[in-house]
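Single-structure report; data block below.
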Protein chains: 2
Amino acid sequence: MHTYEYPRPALTVDCIVFGLDAQQELKVMLIQRDIPPFQGQWAIPGGFVRIDETLEAAALRELREETGIYDVYLEQLYTFGDLARDPRDRTVTVAYYALINLVEQKIKASTDARDASWFPLSKIPKLAFDHDKILKTAIARLRGKIRYEPIGFELLATKFTLSQLQKLYETVLDHPLDKRNFRKKILSMELLIDSGEVEQGVSHRAAKLYQFDESKYLQLKQNGFNFEI
Amino acid sequence: MHTYEYPRPALTVDCIVFGLDAQQELKVMLIQRDIPPFQGQWAIPGGFVRIDETLEAAALRELREETGIYDVYLEQLYTFGDLARDPRDRTVTVAYYALINLVEQKIKASTDARDASWFPLSKIPKLAFDHDKILKTAIARLRGKIRYEPIGFELLATKFTLSQLQKLYETVLDHPLDKRNFRKKILSMELLIDSGEVEQGVSHRAAKLYQFDESKYLQLKQNGFNFEI
């Protein structure tokens, strides 16, 4: 039964994957387009939704096909439907985002896929379509969430130093934080567990390694808080 | 240029409009379907996106056509794309929501439209399609927002009592609040201005009427806070 015969917009999904590398640098996965439009330009991975797959399934499929990344937790970001965002045709896209750790490979994140590459947030090239706007929306979402939810569980290694956690906050918030205040605030939340271990192979005085208290993390994520720093 | 010839999902928009009435009851606008599927059942207003209109324009057009409501500020809620959500065809819907005051008619909100009616949140009938799920998502969003953003500007009359504001919080949070704590907390935020007036035509002792401090309201909305009550 096909009761709606008017012309339909095309429907796509796009996936913004943020990854934190060994230097605590926040990066985003981009692919280089090998066909028009925007041939040769970098873009957020994504593609058309098939008639028989859910939006999430389409997003995961495109991500795997285009970047080798799979088995990530995707959160829906926003749906973009400006009339002229795709020169081929009227196209509406549902954007998703994911956070991953690039060191421990908690997920499979191949960068061997042809034309797929991690870009630091500070070095994003001009993107195809309205992907600059989509990426900006994703960064704004991260920046908003960090205020009322804990962040870092998916991005950081299992054990991390307070400096590494602070660097993540500074990167997302895009401004430096006072070290003493940050530590006081984050420790008072009882979100972290002292692992009893210290950093290995550093020339400076080895810092303590912490882990997230998973149940406390989930509880704070559920109930929210206000991280004013 | 039409380079994508695979079958496309149909694309619709749906609008959840919350309205607060004179008794401070939170209601939602529903329409009764006069054609199959789900003929005779109540549903969230909405309809198909035309090829030449943005998602927001489609949402506003459908809302006006089906309910007489226009000139409201719509916020995007979420996009729903389960495979079987529409028995006619694979249909993806972008849901929006709006908050309005039903007393002062800050916006035009006709309830004369055929088969359109305001339902208290406590008396929502079984809805068509997956609209129960969409409405639940909208209520959860409101409940989430109230924790870290001020609420009430669009919903309450220009001047209101602290009891009326408290009732709104209780309705959205779905549990009673301690009167003394609520007042202390809300007044400490410097969000409210004493209008110098009191309620008219009440048999009990007339309560003070407050207004929102618009610039403080916007500032708190932008920066967020944590309203722990």
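Between helix B:214-223 and chain B there is an angle of about 60 degrees, using the helix long axis and the longest principal axis of the Cα atoms. Eigenvalues of the alpha-carbon gyration tensor of chain B, scaled by 5 and square-rooted, set the equivalent ellipsoid semi-axes at 36, 19, 16 angstrom, largest first.
Report, to the nearest 10°, how far helix B:162-173 tilts away from the longest principal axis of the Cα atoms in chain B, using its own Cα long axis and a range of 0 to 90°. Once rounded, the angle reads 40 degrees. The long axis of helix B:131-148 is offset from the longest Cα principal axis of chain B by roughly 30 degrees.
How big is the antiparallel share of DSSP beta bridges in region B:10-145, given as a percent to the nearest 5? Please list the in-between numbers first.
Numbers: 19 of 31 bridges.
Just about 60 percent of them are antiparallel.
Shielding value for B:7-14 is 6, the average number of Cβ atoms from other chains within 10 Å of each residue's Cβ. Which of B:Ile146, B:Ile124, B:Ile35 moves most in a GNM of chain B, Cα contacts under 10 Å? Between B:Ile146, B:Ile124, B:Ile35, it is B:Ile35 that shows the largest mean-square fluctuation.
Enter the buried accessible area of the A/B pair, total of both sides, probe 1.4 Å, in Å² rounded to the nearest 100. Its buried surface, counting both partners, is about 3300 Å².
What the Cα atoms of region B:65-180 give is an Rg and a Dmax of 16.0, 53 Å. Cα centroids of region B:144-191 and region A:25-99: 40 Å apart. For the pair B:Phe119 and A:Glu104, label points projected 7 Å from Cα toward Cβ lie 4.6 nm apart. Let me know the longest stretch in chain B that avoids all trypsin sites (Lys or Arg not before Pro) found in a DSSP loop with at most 13 other C-beta atoms within 10 Å. Counting only loop sites that pass the neighbour cut-off, the longest clear stretch is B:1-87.
B:Val202 contributes about 50 Å² of solvent-accessible surface, heavy atoms of the protein only, 1.4 Å probe. Working from the Cα coordinates of region B:10-145, the gyration tensor eigenvalues give, after taking √(5λ), semi-axes of 22, 16, 15 Å in decreasing order. Ascending distances from the A:Pro120 label point to its copies in the other chains, with the point 7 Å along the Cα-to-beta-carbon line: 6.0 nm. Note on A:75-83: average number of Cβ atoms from other chains within 10 Å of each residue's Cβ is 5. In a solvent-free Debye calculation with one equal scatterer on each Cα, what is log10 I(q)/I(0) for the protein assembly as shown at q = 0.06, 0.10 Å⁻¹, listed in the order of the q values? Each listed q corresponds, in turn, to -0.32, -0.87. Label-point spacing for A:Arg61 across the identical copies (point 7 Å from Cα in the Cβ direction), in nm and ascending order: 3.0. Remark: label point of A:Ala84 defined 7 Å out from Cα along the Cα-Cβ vector; separations to the same position in other copies 4.4 nm, ascending. In region B:151-222, inverting the average of 1/r over every pair of distinct C-alpha atoms gives 12.9 Å as the Kirkwood radius.
Mean sequence separation of contacting Cα pairs (under 8 Å, at least six apart), scaled by the length of chain B, corresponds to a relative contact order of 20 percent. From the largest down, region B:1-46 spans 55, 24, 11 angstrom on the principal axes of its Cα atoms.
The values are calculated or read from the model by the stated rules, or taken from the named source; none is laboratory data. No experiment lies behind these values; they were computed from the predicted model shown. Note that each Cβ is placed from the backbone with ideal geometry, even for glycine, and that neighbours are counted across all protein chains shown. Side chains included, ligands, DNA and RNA excluded: accessible areas come from the protein's heavy atoms. Shrake-Rupley method; radii C 1.70, N 1.55, O 1.52, S 1.80 Å.
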